[in-house]
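Single-structure report; data block below.
Here, each number is a calculation from the coordinates, and none is a lab measurement. These numbers were taken from a predicted model, which means no experiment stands behind them. No Cβ is skipped: glycine too gets one built from the backbone with ideal geometry, and neighbour counts run over all protein chains shown.
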Amino acid sequence: MRTPPRVLTVAGSDSGGGAGIQADLKTMLALGTHGMSVLTAVTAQNSLGVQGAWELPAEAVRAQFRSVVDDIGVQAVKTGMLSSPELVETVAALLAGVSAPVVVDPVGVSKHGDALLAASALDAVRTKLLPTATLATPNLDEVAQLTGVRVRGEADLPRAAAAVLGFGPRWALIKGGHLAGDAVDLLTDGTEEHWLRAPRHDNRHTHGTGCTLASAVAARLALGDTVPEAVAAAKEYVTGAIAGGFRLGAGIGPVDHGWRLRA
C-alpha cells in the first residue's frame, strides 16, 4: 500500500478539539496526508476560552521531534503554539536541520483573546523562528505584535507583508480575515503578489481557523504543490470549513474539518 505524504505539526493541544494539534491532525487527514505531532503545551480549553496552559519541557519537545523525524521522516512541517523563548529557540534549532518546507503560524492569542505567546518570546520568533519558514501565516493582530504595523484596510496589507518578510521567511501570507467585507489575504515573496478572496460567511463558529489554514497549506505542500498553489487550495478548504462551522458548548464553536466528507 502507498504511504501517504507525512506532515508534522509542532503545536499545543486544544482539549476542546477545535484548534491546536487536534485541528491540525483533522485537517491533514481530510487532505489525504498522514499527520504526526510534537506536543508543546497542554491547554484546558473549551468554546468559552482557555482556562489553563502548561508548557512541556524543551527536552520533551526535542525528543518527540527527533523520534518522528529520524525514523518516519517528513514532507512538511507546521508550527503553532510555542509559548516561551526556550521553546521557540528549541523548535527553530530543530527546524534548521530539516529540508522539508516549514509553515510557521506565529500564534499569539486564541480566538477568545487569551495570550498564548509570552511577550519575552517575540524576539525569538522574529530572529530564530521566522528565518526557518518557507511560509509565515500571521493574522493582523500577530502582524502588529511582531512588526508594529497596524492594518486598517486592504491597502495596508503589502506594507504588513514587507515587514514580516523582513524577518526572513521566504513567503508571507497576511490574513485579512479581521477586516470588513470579503475575506481577503495577501500572499507574497516580495516579488510576486497573489491576492486571495472569498465571500465572508455569516457564522460566528470559527474557532481554529488559523491552525486549520496553516495545516492545510502544509498538507498541500507535502502533496507537491508550489506555495501559491498550496495557499489557494488551503484557502478554498478553510472557506468551506468556516461555512460549515457548528455550535459547540456555550461559546464559539469550531470550523468543520470534515465538511468535504459531507459535501
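Brief remarks on what is shown
- Taking the range 100-218 and dividing mean pair separation by its residue count, relative contact order in percent (alpha carbons under 8 Å, at least six apart): 24 percent
- Each Lys and Arg adds +1 at its Cβ and each Asp and Glu adds -1 at its Cβ; summed about the Cα centre, the chain shows a dipole of about 440 debye.
- Separation in nanometres of the label points that stand 7 Å from Cα toward Cβ, at GLU229 and ASP202: 3.8 nm
- Counting Lys and Arg as +1 and Asp and Glu as -1 over every other residue whose Cβ lies under 14 Å from the Cβ of THR132, the net charge comes to +2.
- Footprinting exposure proxy for THR43, THR90, THR137 (fewest neighbouring C-beta atoms within 10 Å first): THR90, THR43, THR137
- LYS78, LYS128 arranged by Cβ crowding within 10 Å, fewest neighbours leading: LYS128, LYS78
- Between GLU193 and TRP54, residue separation times 0.36 nm minus the direct Cα-Cα distance comes to 46.1 nm.
- Mean separation of Cα contacts under 8 Å (6+ apart) over length of the chain, as relative contact order %: 19 percent
- Of the residues PHE246, PHE167, the one with the fewest other Cβ atoms within 10 Å heads the list, and the complete ranking is PHE246, PHE167.
- With the charge dipole of the range 83-205 set up from +1 on Lys and Arg Cβ and -1 on Asp and Glu Cβ about the Cα centre, the Cα lying farthest toward the positive end among the listed residues LEU130, ALA198, ALA93 is that of ALA198.
- Rounded FRET efficiency, nearest 0.05, which uses the C-beta distance separating SER15 from SER120 and R0 of 41 Å: 0.95
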